Each structure stands twice: as C-alpha cells, then as structure tokens.
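Visitor: Below: one structure in structure tokens.
The values are calculated or read from the model by the stated rules, or taken from the named source; none is laboratory data. Keep in mind that what you see is a predicted model, and the values were worked out from it rather than measured. A quick note on method: Cβ atoms are made from the backbone with ideal geometry, for glycine too, and the neighbour counts reach across all protein chains shown. Surface accessibility is based on the protein's heavy atoms, side chains included, excluding ligands, DNA and RNA. Shrake-Rupley method; radii C 1.70, N 1.55, O 1.52, S 1.80 Å.
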Amino acid sequence: MAGLRSGFSGSDLSGAVRAAGAGFLLAAAAAAMLAPAWFWPLLACAAAVSVGFLAFRHTVGFCAGWLLLAGSTPEMFLGDLMGPAAYQAIIAGVKAAQLALVALCILRFGPRADPFNPGLGFAAIAVAGFAHGLHPGLTPADSLRSLVGSVAPFAFSFSALSIPWARAIIGMARLIPLITVAGGAVLAAAGIRPLFVDMGGARLAALGHPAFLAGFCLTGAYAALIELLREGRRRDVALLLANFAILVATGARAPLIYGTLVCGLTLLFVPAPAFPWRRRLGLMLGVAAILPLAFALAGELAGVRLFNVLSNEAGNLSGRDILWPLFERAADRSPWLGWGVGAGNAVIPQDSDVARLLGTFAAHNEYLRIRVEGGWLGLGLLVLLFAAWARSHTACLARPERAAMRLVFLAFAAHAATDNVLISTSACVLFTFVSAVFARGALEAQQVRAAHDVPPTEPDDAARNLA
C-alpha cells in the first residue's frame with residue numbers, strides 16, 4: 001500500500017490527470033459543435049477530474065473545508081432560498097462528498113482495519129432487514145439511502161489518516177460554531193435569514209437550526225477541551241467558553257447538561273501536566289460564580305428559551321411523550337430483527353397530524369429508533385460495537401485524553417435516550433472529530449514504538465503519515 005500511495009502521488013499521475021482533463025475539455029468543445037446534448041456532461045466530467053485531483057493533492061484542506069460545510073448546514077439556509085425540494089438533495093451531496101473524501105484518504109494515507117466500527121453494525125442491521133422484510137412504509141431504495149447516511153459519520157476511521165489531517169479536523173471542529181454564527185449574522189444583517197428563531201423563546205439558529213448548532217457546539221467544546229489538556233493554551237480556554245456561550249444561546253437543554261458534565265468532570269478530576277490545577281482554578285471559580293447568577297436571573301430572562309424552560313417547563317418532553325409510544329408499538333411488531341435501516345423514518349408519515357403538530361417524525365430516542373430498525377439484536381450489536389470501538393481506540397491515547405474521550409462517549413450514550421444524535425448532520429461532525437482524535441493517538445503511539453524499536457535507517461509508515 002505504501003508503494004501504491006507513492007505511485008499515486010508521483011508526477012506520472014499528474015500528467016495522466018492533466019491529459020484526462022484536457023481530453024474531456026476537447027471532447028466538450030467538439031460536442032458543443034457536433035452533439036450539443038453532450039456538452040454539459042463532458043464539461044462536468046472535466047471539472048470533476050480537476051476537483052478530484054486537487055482534493056487528492058490537498059486532502060487535508062479539502063477535508064477541513066468539508067467539515068465546515070457540513071457544520072454550516074447548507075441544506076437549511078440554502079433550502080430556505082431554493083425551497084424544500086433542495087433539502088434532501090443538499091444533504092445527499094454533503095454526505096456523498098464525505099464518502100468521496102474518505103476514498104481519497106484511503107488512497108492517500110492507506111486503509112486501516114476497524115473491526116469495531118459502528119458503521120459495520122448498521123450494515124448488519126440492513127442485511128437482517130432485507131432478509132426479514134422491510135417496514136411496509138419503507139422501500140429498498142430508501143433503506144439503502146438511510147444505510148449510507150448511517151455509515152457515513154464513521155467512515156473516516158477506515159483510513160489510516162495523518163497527524164496533520166487530525167490537527168486540521170480538530171482545529172476546525174473548535175471553530176465551526178463561531179464561523180456559522182458570524183455567517184448567520186451576515187445573513188441576518190442582509191435581511192435574508194434571522195439569526196434567532198422563536199421556539200418557546202428566542203433561540204440562536206445561525207445558519208441552520210438551534211438543535212443542530214447545539215450539537216456542533218458540543219463537538220467544538222470537546223475539541224477545545226482535548227487541546228486544552230494537551231497544550232494548555234489560553235486560546236483553547238477562550239474557545240471552550242465561546243462554544244458554551246453559543247450553546248446556552250441555542251436553548252438546547254440536554255447538550256448543555258452533558259457538555260457541562262463532561263468538561264466539568266474532566267477539569268475537576270483529570271490531571272494534565274499541560275493544564276495544571278493552579279491554572280484551572282480561575283476558570284472553575286468563574287464558571288461557579290456565573291451559574292448561580294444565571295439561574296437566579298432565569299425568571300427575568302424568560303424570553304430566552306433556555307431560561308424560559310428552566311423557569312416554567314423543566315419537565316417538558318417537547319412532544320416525546322406522544323412520539324415514543326408510536327415507535328414502541330412499531331418495535332414490538334418485530335422485536336428481535338426490526339424492520340430494516342431507515343424504518344424509523346417510516347413509523348410516522350410525514351404528512352400525518354402528529355408530524356404537523358410536533359414538526360418532526362423522528363423518534364428523538366436512538367435506542368427506540370434502533371429497536372424499530374434492528375430489533376433487540378441490532379440494538380445490542382450497536383451498543384457492543386460502540387463500547388468496543390471507544391475502548392480499543394482510546395487505549396493508546398494519553399491518560400488525560402483517554403479519560404475525556406471516554407466521558408464523551410458516556411455522555412453520548414445518555415444523550416441518545418432523548419435526541420436524534422446518530423441521524424443528524426451533527427453526527428458527521430462529531431464522529432469525524434472522534435476519528436481525528438483516534439487517528440492522532442494511534443499515529444503518535446506508532447511514533448513512540450518506532451523510536452524505541454526501529455533503527456533510524458529503516459523506513460516507517462508512521463513517519464510517512466506525517467506528510
């Protein structure tokens with residue numbers, strides 16, 4: 001594979017790509033005169049070859065750019081301008097771009113065996129669903145599309161990746177909420193799209209939806225926390241606080257609770273030489289002083305959705321008490337194997353009274369959704385894969401990162417009981433960040449082993465992956 005990678009990056013490939021691009025351009029020019037119907041398809045092929053070549057040569061930059069694109073939720077702000085029909089097409093395009101970049105990463109950096117990858121669990125559920133029979137409201141094509149969407153968030157972990165790639169992804173994850181809020185402010189100033197939406201109180205939406213932005217803030221806070229434990233830089237403290245400030249403005253209860261628990265427990269109980277206790281004291285005291293003040297002002301700030309909920313509706317399930325019985329009945333009709341990947345989207349018809357009343361047809365409970373799609377066997381398989389995946393990949397991390405990432409997975413497991421944390425765009429951003437942390441840890445562990453076991457004159461795959 002190393003020879004294959006070096007062969008792909010050589011000048012002979014550059015010449016071949018240039019020749020292919022020139023050939024498509026010449027063919028398009030000829031088609032413009034002789035067969036106009038073929039002009040645009042051939043021109044599109046020339047553009048695709050050029051973009052693909054640039055992405056191969058600048059894989060790190062393209063992947064970081066894709067992560068920002070996914071985190072900006074273009075399906076929402078462009079869907080507002082282009083209409084609802086564009087929504088699914090844009091989501092499909094974003095995930096197709098991710099899978100294309102995964103393929104380029106495998107070519108560029110090499111494949112990596114990932115036997116506990118949760119994506120394999122979704123593939124097993126899909127096979128069982130087709131063998132058992134799909135939900136009556138689910139077509140085979142819809143099931144396959146849902147399978148691709150379910151596997152996509154975990155796909156980068158099938159590539160060996162590189163340390164610069166991991167650094168770029170983690171760095172971008174910290175910045176996505178700030179960039180999207182700035183973009184939303186520009187659109188709001190231009191009168192195109194409001195920055196806040198009224199959903200039981202004012203909620204910050206930026207370029208998308210408050211719930212999605214909250215998910216990106218969680219990932220951004222986790223990324224800042226990991227870098228703070230590694231490097232102890234002031235800018236990571238600032239980014240951690242900025243992500244939490246945006247998270248509060250989204251009005252999302254569960255993400256704020258779990259993010260606070262993960263970061264609070266990590267900063268209180270996980271030692272890290274780069275960020276010693278004396279430097280944490282000011283941060284922790286400041287947060288401890290702000291929280292009581294925020295709760296005391298909750299009644300005065302009822303116009304802000306989070307404080308409105310805390311003051312008046314702390315036990316409100318936001319319609320989940322209506323949704324969950326419907327999914328439980330669907331799961332009970334096929335308890336062991338479920339109804340196939342994607343069946344969770346078919347339980348409640350999109351034009352039903354329930355969907356119109358609540359504005360959603362999703363389960364808002366991943367354990368319940370997976371029971372509908374894969375039954376108890378599928379749910380058990382996915383839970384085991386997630387646990388094994390987290391344990392195996394965090395084993396090679398430094399102790400502070402290992403503790404923080406395992407807390408992230410525990411919080412994710414709890415969060416999955418009340419939200420759609422696996423089927424949204426925020427899952428792609430979260431698990432791409434997770435793949436970056438895992439890849440960097442594995443490569444740094446390889447470097448340590450190489451420094452102790454491999455003579456300096458011998459080549460080492462880990463060193464090549466630094467390029």
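Visitor: Return the whole-Å distance between the Cα centroid of the range 65-122 and the Cα centroid of the range 226-251.
Guide: 25
Visitor: Residues with amide H under 5 Å of SER159's amide H, sequence separation 5 or more or different chain, H placed in the peptide plane at 1.01 Å from N; which?
Guide: Those lying under 5 Å, H to H, from SER159 are ARG112.
Visitor: Compute the distance in nm between two label points, each set 7 Å from the Cα along the Cα-to-Cβ direction, one at ALA89 and one at ARG167.
Guide: About 4.0 nm separates the two model spin labels.
Visitor: Same structure again: Give the calculated FRET efficiency between ASP351 and ALA131 to the nearest 0.05, with a Förster radius of 45 Å applied to their Cβ-Cβ distance.
Guide: Efficiency at R0 = 45 Å is approximately 0.90.
Visitor: If Lys and Arg each add +1 and Asp and Glu each add -1, what is the summed charge of the other residues whose beta carbon sits under 10 Å from the beta carbon of ALA86?
Guide: That sum, taken over residues with Cβ under 10 Å, equals -2.
Visitor: Next question. For the residue pair TRP277 and GLU231, what label-to-label distance in nm results when each label sits 7 Å from Cα along the Cα-to-beta-carbon direction?
Guide: Here the answer is 2.7 nm between the modelled labels.
Visitor: Given the range 328-434, report the % of alpha carbon pairs whose separation exceeds 15 Å.
Guide: Counting pairs separated by more than 15 Å, the tail of P(r) holds 68 percent.
Visitor: Related question: Multiplying the sequence separation of LEU241 and ALA113 by 0.36 nm and subtracting their Cα-Cα distance, what value in nm do you get?
Guide: Length gained, LEU241 through ALA113: 42.4 nm.
Visitor: Turning to a different aspect of this structure: According to a simple spin-label model (label point 7 Å from Cα along Cα-to-Cβ), what is the distance in nm between MET199 and TRP324?
Guide: Each label point is offset 7 Å from its Cα along the Cβ direction, giving 2.0 nm.
Visitor: With every protein chain kept in place and ligands, DNA and RNA left out, what is the accessible area per residue of the range 319-411? Probe 1.4 Å, answer in Å².
Guide: 46
Visitor: Would you please calculate the Kirkwood hydrodynamic radius of the range 133-184 over all C-alpha pairs and express it in Å, rounded to one decimal?
Guide: Evaluated on the range 133-184, it is 14.3 Å.
Visitor: Which residues among the range 202-220 fall inside the zone where the amide N is under 11 Å from a point 7 Å beyond the Cα of ASP80, along Cα→Cβ?
Guide: Those under the cut-off are 205-210.
Visitor: Net charge near ILE226, counting Lys/Arg +1 and Asp/Glu -1 over other residues with Cβ under 11 Å of its Cβ?
Guide: 0
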